[in-house]
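The values are calculated or read from the model by the stated rules, or taken from the named source; none is laboratory data. Predicted model only: the values in this text are computed from it and were never measured. Positions of Cβ are generated from backbone atoms using ideal geometry, with glycine treated the same way; all protein chains shown enter the neighbour counts.
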Amino acid sequence: MMNALPSLPERELPPGRHRQLKEHLMQEIEQDPVREEASSRRRWRLRPAIAVPVAAGALAIAVTAGITSWSSDDSERPVGRDGEATYFFAPNVNADTEGSAAELLTQVAAAAAETPAAEDIREDQYVYIRSLVATAPVGDDIETELPEPVESEEWLTVGGTDIPAGQTGYERNTGYDHLQTLPTDPDAMLEWLRSHQDVETEGRNYDQDAFVLAGDLLRAPLMPSDVGAALFGALSRIPDVLVVPHAVDAAGRDAIAVARYDSYNPGVRDELMFDKDTLEFIGSRSVATQATDTIEAGQVLHTMAVLERVVVDEDGERP
């Protein structure tokens, strides 16, 4: 059964850490002499300047440089080495998927729809979230190795964050009352995701933007079950979202994931992970899909696992 509460916003990370990680990876890939031959056919693009929540996860990271725009089934992607799937390594990356995630996400949406609706929720209450988070350090002359996950506790207001109009190109109001006004039909939700974007820019990819925005919304403190089901249904309609049958979250739990290569900068693959039995959304991770001097293809660069989510009455109260 899906839990109505979404995953934890990654507030404990320093501002810009995810951006720094991706920029470093992109720079190393761009400078790799092995790929010099392919450089003439690269399409260099800036990712659209989409404003994201301050605490947004890896799905919502802006980067400043693009690399080759590959399709989801492009055979040019090198396959990573064999090995054991762990929280810090994804073996056989680029050959570890099983086609479209549409069917899986449809099942996830159905499970979410069956979650009992939250009743008697007040905006002055809090969502207690206990999680595990790990992020690899990046930079010149720094060994990129994912550390042991650190346990984190947060108390997020049910009311959410209401960003005044004009500061963002799309909806960032994560209050429970506002989320209840969003579409509950998957097709209408997908149309909503694609329409609530930043101003038109050359070469933008609305499928990628919708995937990012859906991931942002799933990080709201509390998500109505019917809206959550519509979000997963909308995700099932986005092209090039793939299934990763064998993923491991930050807690070491065997999971099934859905992944999308960034349409603007595909050197990192972002994933949402689900419990294989209940199809509950249990975390996320980012995986390197191309090797550099300091990063191995298949290396997990960031991972987060939700361990507990409970509505409580006061800030600091534990269940």
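Only a single item in (1) among the β-branched types (V, I, T); (2) farther than 30 Å from R318 by Cβ; (3) modelled with pLDDT of 95 or more; (4) assigned to a helix (DSSP H, G or I) is not met by V108, and it is number (2).
Quick grid of which residues meet (1) charged (D, E, K, R); (2) touching a residue at least 24 places away in the same chain (Cβ under 8 Å):
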site: T181; (1), (2): no, no
site: D207; (1), (2): yes, yes
site: P224; (1), (2): no, yes
site: V227; (1), (2): no, yes
site: A234; (1), (2): no, yes
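Among the residues of the stretch 181-222, those identified as surrounded by fewer than 18 Cβ atoms within 10 Å (Cβ to Cβ) and hydrophobic (A, V, I, L, M, F, W, C) are A188, V199.
Count of the stretch 262-319 residues, restricted to those that are free of Cβ contacts under 8 Å to residues at least 40 places away in the same chain and surrounded by fewer than 21 Cβ atoms within 10 Å (Cβ to Cβ), is 3. The residues of the stretch 218-273 that are closer than 30 Å to E119 by Cβ, modelled with pLDDT of 90 or more, among the charged types (D, E, K, R) and touching a Ser or Thr at 6+ places or on another chain (Cβ under 7 Å), listed by number, are D226, D249. Taken together, the criteria place A95 among residues that are assigned to a loop (DSSP other than H, G, I, E, B), closer than 22 Å to K276 by Cβ and modelled with pLDDT of 95 or more. Number of residues in the stretch 228-247 that are surrounded by fewer than 23 Cβ atoms within 10 Å (Cβ to Cβ) and either closer than 29 Å to V312 by Cα or more than 15 Å from the chain's Cα centre (by Cα) (or both) equals 4.
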